[in-house]
Amino acid sequence: MNPERKRRNRVQGGWAAPTNVKSDRNKPKASVSPAWTGKTVDQPTERKFVFEEPEEELKKKPTETVIIKPGVYDISTEPSGVSRLRYFPEFIGPQEADELYKRLFHDLPWRQQSDVKNGVSYLQPRLTTWYGDLAYSYSGVTHPASVEWDPTLLMLRGRLDSVLGLQFNSVLTNLYRDGHEHVAWHSDDERSLGPQPTIASLSFGDSRNFELRKKPESGQDYEHSEHVMIPLTHGSLLIMEGCVQEDWQHRIPREYHDRDPRINLTFRVIFPE
Ligand SMILES: O=C(O)CCC(=O)C(=O)O
């Protein structure tokens, strides 16, 4: 990476000024004529500050909950039910996770698919593969059934089935090649996943922030809805269950810092429609 871009990337929260732009901080200031303000310098106007109640109560932005530790987190309880996350940051130890990452990176037939929105096709900002007994469609993309499972995915599916007591029959895999690759806000709420699906998400490679935002009540907006953030680490397992897909959206945002590649596997149970 070019050293100038690297220096600018280090600056948090925005882009630094390029080094060749000269600061005018030390330049002598042009004096402002008192005539310009219409007031004389030695006759300051008397100013009074009076506190007035704001007419509308200011809307407070709810704080973001950050999940780092292993545990079970009920992130909301609505009449529809509980939205539950279960997080196991060290589900797979680092050495085995390194080995699995290499195998998945080299062995899966990664390809860049296109989403279709309002009849316009956009290349997805990541690579994917799909394994499942049935085809899977979302955002205008259809992954055809692919029953010949990759052996590494088959082994991981068996491990999750026995830990969770489920029988996953499909997996969507994502490869984010750098920090710019991402997935936009969405819910995994396709009819083929049934109501209140349990989705098991395994991560390998560089860690990326997984964000959730609560779907707003009518009359509210997403900016003021609750947010949860989990930095998904190498070898971690996140389970989304209950009403997470019904009541929340999730995404992996684009990053403005360099990131190494990351692989994510989301195991699902898919039903014929
Ligand atoms: O990469 C991730 O952790 C999330 C992937 C995701 O949202 C999805 O596959 O639906």
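The values are calculated or read from the model by the stated rules, or taken from the named source; none is laboratory data. Just so you know, these numbers come straight off a predicted model, no measurement behind them. Cβ: placed from backbone, ideal geometry, glycine included. Neighbour counts: every protein chain shown. The protein model used for the area step is the full one, side chains on, heavy atoms only, and it has no ligands, DNA or RNA in it. Shrake-Rupley method; radii C 1.70, N 1.55, O 1.52, S 1.80 Å.
Quick check: anything in region 118-128 of a type in the set (A, V, I, L, M, F, W, C), touching a strand residue (DSSP E or B) at 6+ places or on another chain (Cβ under 9 Å) and in a strand (DSSP E or B)?
yes
Search region 256-273 for residues that are outside any loop (DSSP other than H, G, I, E, B) and pair each with any residue that is surrounded by 14 or more Cβ atoms within 10 Å (Cβ to Cβ) and of a type in the set (S, T, N, Q) when their beta-carbon atoms are under 6 Å apart and the residues are at least 6 apart or on different chains.
Filtered contacts from region 256-273: N264/N174; N264/S203; L265/T173; T266/S201; R268/S170.
Enumerate the pairs (first residue in region 205-233 and over 21 Å from C243 (Cβ atoms) and of a type in the set (G, A, S); second residue anywhere and within 16 Å of the ligand (Cβ to nearest atom) and part of a loop (DSSP other than H, G, I, E, B)) with beta-carbon separation below 6 Å, excluding pairs fewer than 6 apart on the same chain, so at least 6 apart or on different chains.
Close Cβ pairs satisfying both conditions: G205/P261; S207/T233.
Restricting attention to region 97-128, which residues are open to solvent by 50 Å² or more (accessible area, probe 1.4 Å), touching an Asp or Glu at 6+ places or on another chain (Cβ under 8 Å), more than 23 Å from F168 (Cβ to Cβ) and touching a residue at least 12 places away in the same chain (Cβ under 8 Å)?
Correct list: S121 only.
Which ones in region 173-186 are within 11 Å of the ligand (Cβ to nearest atom) and open to solvent by less than 10 Å² (accessible area, probe 1.4 Å)?
Correct list: T173, L175, Y176.
Sort out which residues of region 129-182 are touching a residue at least 40 places away in the same chain (Cβ under 8 Å), part of a strand (DSSP E or B) and of a type in the set (G, A, S), and write them in order of number.
G132, S137, S170 - these are the residues of region 129-182 that are touching a residue at least 40 places away in the same chain (Cβ under 8 Å), part of a strand (DSSP E or B) and of a type in the set (G, A, S).
Could you please give the count of residues in region 238-266 that are in contact with a strand residue (DSSP E or B) (Cβ under 8 Å, 6 or more places away or on another chain) and closer than 21 Å to H182 by Cβ?
19
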